[in-house]
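Visitor: Let me begin by handing over the structure; questions about it come next.
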Amino acid sequence: MRSLIMLEQTKDGFAVQAPDLAVCTFGKDVEAAKRAATEAIRINLEAYREAGQQIPEGVDISNHLRNPEFEDLLFTYVEVAEPRGRAAA
């Protein structure tokens with residue numbers, strides 16, 4: 001599954017967030033940040049599944065692009081393996 005992430009350059013690398021999930025992480029460069037985000041999102045999705053909760057639906061990227069708080073951020077997508085385990089009811 002594709003998941004939207006936002007990257008922000010810092011003095012030490014790149015902070016990354018998944019705006020549709022409770023995920024924040026960091027990488028020394030863009031590729032490291034994307035790898036860290038992919039893993040953090042996978043773990044987050046597995047936690048939803050294990051708790052029997054519905055995975056939040058993503059907001060259309062255009063909504064995030066119009067948000068003035070996000071205007072200086074880089075948006076991209078990462079591919080995340082579907083979580084295994086039971087599906088939410």
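Visitor: Hey, can you rank 23-33, 50-60 by average C-beta count inside 10 Å, highest first? Intermediate values should be presented prior to the final figure.
Guide: Values: 23-33: 15.7, 50-60: 11.6.
Most protected by this proxy first, the peptides run 23-33, 50-60.
Visitor: Right, here's the next one. From the helices alone, meaning DSSP H stretches of at least four residues, give me the mean residue ellipticity at 222 nm for the chain, per-run term -39500 (n - 2.57), in deg cm²/dmol to the nearest 500. Numbers along the way, then the final one.
Guide: Details: 2 runs with 26 residues, N = 89.
Value at 222 nm, helices only: -9500 deg cm²/dmol.
Visitor: Specify the angular offset, from 0 to 90 degrees and rounded to the nearest 10, of the alpha carbon long axis of helix 30-50 from the longest principal axis of the alpha carbons in the chain.
Guide: That works out to roughly 20 degrees.
Visitor: What net charge is computed for the residues neighbouring residue 25, neighbours being all others with C-beta under 15 Å from the C-beta of residue 25, Lys and Arg scored +1, Asp and Glu -1?
Guide: Working: positive: 28, 34, 35, 42; negative: 8, 12, 20, 29, 31, 39.
So the surrounding residues net to -2.
Visitor: Between 74, 45, 21, find the one with the highest GNM mean-square fluctuation for the chain; connect C-alpha pairs within less than 10 Å.
Guide: Between 74, 45, 21, it is 74 that shows the largest mean-square fluctuation.
Visitor: Can you compute the equivalent ellipsoid semi-axes for the stretch 2-79, i.e. the square root of 5 times each eigenvalue of the Cα gyration tensor, sorted largest first and rounded to whole Å?
Guide: Numbers: eigenvalues 89, 54, 16 Å².
They are 21, 16, 9 Å, listed largest first.
Throughout, read-outs are computed from the coordinates displayed, never taken from laboratory work. Remember, predicted model here, so these are calculated numbers, not experimental data. With ideal geometry, Cβ positions are generated from the backbone for all residues, glycine too; neighbour counts draw on all protein chains shown.
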